[in-house]
Amino acid sequence: MSISFDAGRRAVEKSAAPWLNHYPICTPAHLEYPSEPVWWLLEHSASRFPHRIAIRYFQESITYEGLSEQARRAATLFQSLGIQPGDRVGLLLPNLPEYLIAAYGVWMAGGIVVSLSPLSVAVEIDDMLQATDCKLVVALDLLAPLATQGAHRPERMLTCSIAQRLPTVKRLLYRAACLKRRGLHPSQQVPTSDFLAELSQVEPIAEPVRTETHQPAYILPTGGTTGRPKAVTLSHANLLANALQLKAWCGNRTGRDTFLAVIPFFHSYGLSTCATGGVAMAATLLLHHRFQPETVLDLIQSARPSVFPAVPAMLNVLNQRLREHEGKWNVKSLLWVISGGAPLMPETATEFSSYTLARVVEGYGLSECSPVTHAGPLDGNARLGTIGLPLPDTEAMIVNAETGANGVEPGEVGELIVRGPQIMLGYWNNPEATAQILRDGWLFTGDLATCDNDGYFKIVDRKKDLIITSGFNVYPNDVEYVLKQFPDVKDAAVVGVPDPQRGEIVKAIVAVKSKSHFHQHAFEKYMKTNLAHHKVPRILEVIDGDLPRNFLGKVLRRKLREPS
């Protein structure tokens, strides 16, 4: 069967495909998508709401008109530095105004944004720079040395800082940290200049480049062994579609909301919900460069945002603070909260809603889907424990997990597959990996799920071994590759362990050549040097024997997850 959603009413119709009888395919009403590059979202909001505040960050405020002008200046600057249509520009930034200026500027210049995570270590950044052949990097001054250590260094670096925005003591500490980082990672002679200073020297581009909508716009890593990162490639049409889908999902509100934007823009979730979706809604983006519970609660009380995209780990910590300091913060400005990145426990949602009176719903997506495909409805019909309904123009099915075909009955477990305008172009220069996940226009998520007769989906398990810790994806193969390079390690396996605060934490089981000669302190230092912070195992089990494997030699991760 298929299910169409019309003004909240659900009508059940027979499917033309015989094997889909009695199976819900969710196909919400059609939206209109302009045939424009993704920078059109900013230009459209700037033309309609030129004087509305687009960004608030510390004491700074930038209007939509001002943000558009700065992005146009950035486009001119990038072109003057040799960026041609199709060239890749890396952004190694937390949530700063400069991120939005640079991203939209790259798109206006016809370039492709490459997401470089501030949580990465130098070797991971080098892998991504090499895989995408980045010519230019815009980086936070504190992080800039990480992009100049490997075999592939950018031709040019532009830096920006938060030092001048901080109170005196924090400013001094920040500058000391920058000096220490430069000492640990000496500069490798990459020409570098100040991003904002350079912007002030150029004029806005008269006509932004009108890139074809099916061309790549954004590349971000999503796993793959070191040396060949697997990178999702999203088109202009993908990003624009997901932004407008989210806008429709929340009622096509424009020029009214303030988004608390602490979900990182370098992750597809933060990019889509805030940097593109928020801009599509002409919302004010209340930025902070990192999640700090007390700071976030202070911001909610003082700036009174109405929308908060979050991950369950954030809500858990905020619940704890609000529970421990009852009445300290007034957080009742929030209208709704969308939680994604990891399963949301119903009790977490209920408790946060009790403090804020906000409607808390769960969403779902993958980087390969720009990333959002499902979300709980905001009309009061959201069902805790489910990921809600598909976004407009998003088809979703549950198929046999073994064969990938033949829809299962409502309520039965199978693999979730999705199709829609937000589905990626593929993995960057990796047709083999693309063919494994994209089949006949459908993206096979690898997640095991159910769908009820009303079209509500629920994730019940992961077919793949992805670990989600505090909303960040950790791919076991990536971590295992690094662990096995340590001289005394003969084998390693990585699994996720449930954690009430982070959702999951990373556990490593390491088989060593000799337990008595294994230097654990040196190994732990090695992991911290070669793995991003969220990938470093928090639980380490060292064994003398072999890892459990099946007859094909595959590690039995499920057995390793069992309590010893």
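The values are calculated or read from the model by the stated rules, or taken from the named source; none is laboratory data. The structure displayed is predicted, hence computed values, not measured ones. Cβ placement follows ideal geometry from the backbone for every residue including glycine, while neighbour counts extend to all protein chains displayed.
Count of the stretch 354-373 residues, restricted to those that are among the aliphatic types (A, V, I, L, M), within 21 Å of Q301 (Cα to Cα) and in contact with a helix residue (DSSP H, G or I) (Cβ under 9 Å, 6 or more places away or on another chain), is 2. The set of residues in the stretch 121-160 that are in a loop (DSSP other than H, G, I, E, B) and either buried (at least 24 other Cβ atoms within 10 Å of the Cβ) or in contact with a strand residue (DSSP E or B) (Cβ under 7 Å, 6 or more places away or on another chain) (or both) comprises D133, C134, K135, D141, L143, P154, E155.
State whether the residues of the stretch 98-118 include one that is over 28 Å from H214 (Cα atoms) and surrounded by fewer than 24 Cβ atoms within 10 Å (Cβ to Cβ).
yes
For the stretch 240-293, a residue qualifies if it is touching a residue at least 24 places away in the same chain (Cβ under 8 Å) and at positive phi, and the qualifying residues are G251, G255, A282. Scanning the stretch 31-64 for residues that are touching an Asp or Glu at 6+ places or on another chain (Cβ under 7 Å), in a loop (DSSP other than H, G, I, E, B) and either within 27 Å of I112 (Cβ to Cβ) or touching a residue at least 24 places away in the same chain (Cβ under 8 Å) (or both) yields a count of 1. Test L297 against the criterion of being in a helix (DSSP H, G or I), out of contact with any Pro (no Cβ under 8 Å at 6 or more places or on another chain) and either over 23 Å from L246 (Cα atoms) or touching a residue at least 12 places away in the same chain (Cβ under 8 Å) (or both), and give yes or no. Here the answer is yes, as L297 does meet what is asked.
So for the stretch 171-194 (the condition being modelled with pLDDT of 95 or more, within 30 Å of F58 (Cα to Cα) and buried (at least 20 other Cβ atoms within 10 Å of the Cβ)), does at least one residue qualify? No - not one qualifying residue is present in the stretch 171-194.
Among the residues of the stretch 500-512, those identified as surrounded by 12 or more Cβ atoms within 10 Å (Cβ to Cβ) and not β-branched (V, I, T) are Q501, R502, G503, E504, K507, A508, A511. Within the stretch 73-105, being of a type in the set (G, A, S) and either without any contact (Cβ under 8 Å) to a residue 24 or more places away in the chain or outside any loop (DSSP other than H, G, I, E, B) (or both) holds for A74, A75, S80, G90, A102, A103, G105. A count restricted to the stretch 323-374 and to residues that are among the polar types (S, T, N, Q), over 13 Å from the mean Cα position of the chain (by Cα) and not in a strand (DSSP E or B) stands at 7. Considering the stretch 525-551, and only residues there that are at pLDDT 90 or above, surrounded by fewer than 17 Cβ atoms within 10 Å (Cβ to Cβ) and more than 13 Å from K507 (Cα to Cα), the residue that is nearest to the chain's Cα centre (by Cα) turns out to be H533. Filtering E207, E198 for residues that are at negative phi, of a type in the set (D, E), assigned to a loop (DSSP other than H, G, I, E, B) and surrounded by fewer than 19 Cβ atoms within 10 Å (Cβ to Cβ) leaves a single hit, E207. Here I468, I509 are screened, and the one residue that is under 30 Å from P377 (Cβ atoms), touching a residue at least 12 places away in the same chain (Cβ under 8 Å), touching a strand residue (DSSP E or B) at 6+ places or on another chain (Cβ under 9 Å) and not in a helix (DSSP H, G or I) is I468.
Consider the stretch 430-465 and keep the residues that are among the basic types (K, R) and within 22 Å of L384 (Cα to Cα). The one that is surrounded by the most Cβ atoms within 10 Å (Cβ to Cβ) is K458. Within the stretch 161-170, the only residue that satisfies the criterion of being aliphatic (A, V, I, L, M) and either under 16 Å from S115 (Cα atoms) or exposed (fewer than 12 other Cβ atoms within 10 Å of the Cβ) (or both) is V169.
Looking for something in contact (Cβ under 8 Å) with a residue 60 or more places away in the chain and not small (G, A, S) - is there at least one such residue anywhere in the stretch 138-153? Can you show your working first?
In the first step, residues of the stretch 138-153 are kept if they are in contact (Cβ under 8 Å) with a residue 60 or more places away in the chain; the result is none.
No, every residue in the stretch 138-153 fails to be in contact (Cβ under 8 Å) with a residue 60 or more places away in the chain and not small (G, A, S).
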